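**Student:** Can you keep this structure in mind? I'll have questions shortly.
The values are calculated or read from the model by the stated rules, or taken from the named source; none is laboratory data. It should be emphasised that the depicted structure is a prediction, and the values quoted were computed from it without experimental measurement. Reconstructed Cβ throughout: ideal geometry from the backbone, glycine too, with neighbour counts over all protein chains shown.
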Amino acid sequence: MSAIYILWLRELKRYVRSRAQIVASLGQPLLYLLVLGFGLSPVFKRAGMGNYLQFVAPGVIGMSVLFSSIFSGLGLLWDRQFGFLKETLVAPVSRLQIMVGRTLGGATVAVIQGLLVTTISIFAGFRPAHFIAIPLALGFMVAIAIVFAALGVAIGSSLQDMQGFQLIMNFLVMPIYFLSGAMFPLAGLGPVLTFITRLDPLSYGIDGMRSMLLAQSAFDPRIDILVLACVGSVFIVFGAYRFSKIEI
Amino acid sequence: MIRVQNLVKSFGSFTAVNDVSFDVAEGEIFAFLGPNGAGKTTTIKMLTTLLKPTSGSIQLDGLDPLTHQNEVRKRFGIVFQDPSLDGDLTASENMEIHGVLYHVPSKIRRQRSEELLKLFELWDRRKDQVKKFSGGMKRRLEIARGFLHTPKILFLDEPTLGLDPQSRNQLWSHVKRVNESERVTVFLTTHYMDEADRVAHRIGVIDHGMLVAQGTPKQIKEQTGTENLEEAFLALTGSTIRDEGANAADQMRQFAKMWSGGKR
């Protein structure tokens, strides 16, 4: 247990100490929120869908949680090259504990990042249905963070160096984001797109947040929770398995 | 304490360690010498559960690192050849993580951590982030960290690389101290033959993945008919210069240096 705690704490300390990175990582969500939020607002309204900023805010919050959690898992690559990974791998602690500590640490950082973006969107004019909705949405943020931090660890364990990073970014992370319904409603899509969006675990996370924050959703929130719990368990097992296979 | 029999490790068609066998007794200081790329680090990685051997067997304190990973890990400590610190954390925090991972009770952890940081003259800088340290300081911190818990076997992979004579001296007297007072078995590699001659009870010389000589420093000198260990080493391994290929991690370190302006 203490090993999990100390590795969790390490992730947190590293996050708090990289202030420049915190600011930098808020740039992209801000752009999506403000430019798209206000830019597409008139079209969205004319289509009779209401306020786009309201609609997109949970999506952008989900995006920042997604990016931050996947990157924390890919942080394994940095630890591999700066050598700290070796230090943890030869320690008399099971690899499972090390993996869980890292994953929870990465997930916590991602949730903090999500809360920062939530605060910013409220300043930008986003209004949740109730303020009590925020703690409920927080639960979904935690779920998204754990799912993708575990996926990040699985990928980070499998890559040898940063060359694969662009590949992961363009063919995994961005598609997960764009196909999740973060930016457009999931209802009324063509059959192909409908099918693909149903396969994306982030769809359920963002849908869950939307149903908490705005009381509008494509799926039943119970289904959202169920899917996230199942996918999360699978990714944790997969991540732990990949992590246990690391050789240096 | 360490028993290695017919150990082989191949990477594709390249055989890094080829049919190596040796024994290290409890309480012994064993120096593993060889030119660059001879297979020293690969052997250490197999002994410390980081790599799986292609064939052959290893026993540490009677346990096989393949089947009893955690039990084996409890028994050894290691100072790696290349860096293994977290640059974003402070010196104290690096020590603390190590202590927790090795189950050192918190009171002893604090006390020993203070002693060691003072011994290696890092105490005044304990609250600074490690990435601000010089190469020598990082090295000293790695060594101090390696001594935080008292293992049965201590692996030192080129521990004195980049250290000044003062720190080197400090390190070897500390190694001798723990070896004598706590019967710690030491397995070390180094390129400084005078160190091996001074510290080691027994020496193994490896070249091109094969063990070419084994014995006390005296035996090795007699065997080769040479005056000192340096000459014996050159007689055994020839005088051509070897180079290891840069691996992916080295290349990335280079890349990262470019980006972070050499801060790490």
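**Student:** Mind counting the residues in region B:115-170 that are closer than 30 Å to B:VAL72 by Cα, of a type in the set (S, T, N, Q) and crowded, with 17+ Cβ neighbours inside 10 Å?
**Tutor:** Of the residues in that region, 3 qualify.
**Student:** Just to be sure, is A:VAL43 part of a helix (DSSP H, G or I) and away from chain B (no Cβ under 14 Å)?
**Tutor:** It is true that A:VAL43 is part of a helix (DSSP H, G or I) and away from chain B (no Cβ under 14 Å).
**Student:** From the list A:VAL60, A:VAL65, A:VAL56, A:VAL93, which one is within 22 Å of A:SER2 (Cβ to Cβ) and in contact (Cβ under 8 Å) with a residue 12 or more places away in the chain?
**Tutor:** Unique residue meeting the criteria: A:VAL93.
**Student:** Quick check on my filter: what residues within region B:160-174 are more than 20 Å from B:LEU33 (Cα to Cα) and in contact with a Lys or Arg (Cβ under 9 Å, 6 or more places away or on another chain)?
**Tutor:** Answer for region B:160-174, where residues must be more than 20 Å from B:LEU33 (Cα to Cα) and in contact with a Lys or Arg (Cβ under 9 Å, 6 or more places away or on another chain): B:SER167, B:GLN170.
**Student:** Tally the residues that are out of contact with any Asp or Glu (no Cβ under 8 Å at 6 or more places or on another chain) and in a helix (DSSP H, G or I), restricting the search to region B:192-215.
**Tutor:** Count: 5.
**Student:** Something else now. Take A:LYS13 and decide whether it is away from chain B (no Cβ under 14 Å), without any contact (Cβ under 8 Å) to a residue 24 or more places away in the chain and not hydroxyl-bearing (Ser, Thr, Tyr).
**Tutor:** no
**Student:** Considering each residue of region B:133-150, count those that are free of Cβ contacts under 8 Å to residues at least 24 places away in the same chain and more than 15 Å from B:ASP82 (Cα to Cα), and give that number.
**Tutor:** Residues in region B:133-150 being free of Cβ contacts under 8 Å to residues at least 24 places away in the same chain and more than 15 Å from B:ASP82 (Cα to Cα): 0 in total.
**Student:** Going residue by residue through region B:58-70, is there one that turns out to be free of Cβ contacts under 8 Å to residues at least 60 places away in the same chain, out of contact with any Cys (no Cβ under 9 Å at 6 or more places or on another chain) and small (Gly, Ala, Ser)?
**Tutor:** The answer is yes, given that some residue of region B:58-70 is free of Cβ contacts under 8 Å to residues at least 60 places away in the same chain, out of contact with any Cys (no Cβ under 9 Å at 6 or more places or on another chain) and small (Gly, Ala, Ser).
**Student:** Output the residues belonging to region B:171-187 that are within 22 Å of B:ASP61 (Cβ to Cβ), in contact with an Asp or Glu (Cβ under 9 Å, 6 or more places away or on another chain) and surrounded by fewer than 21 Cβ atoms within 10 Å (Cβ to Cβ).
**Tutor:** Within region B:171-187, B:ASN179, B:ARG183 meet the criteria.
**Student:** Separate question: Going through B:GLN254, B:GLN223 one at a time, which residue ends up being modelled with pLDDT of 85 or more, among the polar types (S, T, N, Q) and more than 22 Å from the chain's Cα centre (by Cα)?
**Tutor:** B:GLN223
**Student:** Only one of these conditions is not met by A:ALA215: (1) surrounded by 14 or more Cβ atoms within 10 Å (Cβ to Cβ); (2) outside any helix (DSSP H, G or I); (3) aliphatic (A, V, I, L, M). Which number is it?
**Tutor:** Of (1) surrounded by 14 or more Cβ atoms within 10 Å (Cβ to Cβ); (2) outside any helix (DSSP H, G or I); (3) aliphatic (A, V, I, L, M), only one is false for A:ALA215: (1).
**Student:** Now a separate question. May I ask you to say which residue of A:LEU179, A:LEU172 is surrounded by fewer than 16 Cβ atoms within 10 Å (Cβ to Cβ) and either at pLDDT 90 or above or in contact with a strand residue (DSSP E or B) (Cβ under 9 Å, 6 or more places away or on another chain) (or both)? I'd like the intermediate steps shown before the answer.
**Tutor:** Numbers: A:LEU179 fails: surrounded by fewer than 16 Cβ atoms within 10 Å (Cβ to Cβ).
Exactly one of A:LEU179, A:LEU172 is surrounded by fewer than 16 Cβ atoms within 10 Å (Cβ to Cβ) and either at pLDDT 90 or above or in contact with a strand residue (DSSP E or B) (Cβ under 9 Å, 6 or more places away or on another chain) (or both), namely A:LEU172.
**Student:** Something else about it: Where the second residue is of a type in the set (D, E, K, R) and surrounded by 18 or more Cβ atoms within 10 Å (Cβ to Cβ) and the first is in contact (Cβ under 8 Å) with a residue 60 or more places away in the chain and lies in region A:230-246, which pairs have Cβ atoms under 7 Å and are six or more apart or on separate chains?
**Tutor:** A:PHE243/A:ARG95; A:SER244/A:ARG95
**Student:** Do we have B:LYS45 as within 13 Å of chain A (Cβ to nearest Cβ), part of a helix (DSSP H, G or I) and closer than 20 Å to B:GLU158 by Cβ here?
**Tutor:** Answer is yes for this residue.
**Student:** For residues in region B:49-63 being touching an Asp or Glu at 6+ places or on another chain (Cβ under 9 Å) and in a loop (DSSP other than H, G, I, E, B), which is surrounded by the fewest Cβ atoms within 10 Å (Cβ to Cβ)?
**Tutor:** My answer is B:LYS52.
**Student:** Another one. Could you go through region B:64-83 and let me know if any residue there is in contact with a strand residue (DSSP E or B) (Cβ under 7 Å, 6 or more places away or on another chain), in a loop (DSSP other than H, G, I, E, B) and within 10 Å of another protein chain (Cβ to nearest Cβ).
**Tutor:** Taking every residue of region B:64-83 in turn, at least one turns out to be in contact with a strand residue (DSSP E or B) (Cβ under 7 Å, 6 or more places away or on another chain), in a loop (DSSP other than H, G, I, E, B) and within 10 Å of another protein chain (Cβ to nearest Cβ).
**Student:** I've got another one for you. Could you say which residue among B:ASN18, B:ASN36 is of a type in the set (S, T, N, Q), at pLDDT below 90 and either outside any helix (DSSP H, G or I) or more than 15 Å from B:ILE78 (Cβ to Cβ) (or both)? Walk me through how you get there before you give the answer.
**Tutor:** Values: B:ASN18 fails: at pLDDT below 90.
Only one candidate qualifies: B:ASN36.
**Student:** Any idea which of (1) in contact (Cβ under 8 Å) with a residue 12 or more places away in the chain; (2) assigned to a loop (DSSP other than H, G, I, E, B); (3) surrounded by 14 or more Cβ atoms within 10 Å (Cβ to Cβ) is the one A:LEU189 doesn't satisfy?
**Tutor:** Evaluating A:LEU189 over (1) in contact (Cβ under 8 Å) with a residue 12 or more places away in the chain; (2) assigned to a loop (DSSP other than H, G, I, E, B); (3) surrounded by 14 or more Cβ atoms within 10 Å (Cβ to Cβ) leaves (1) as the failure.
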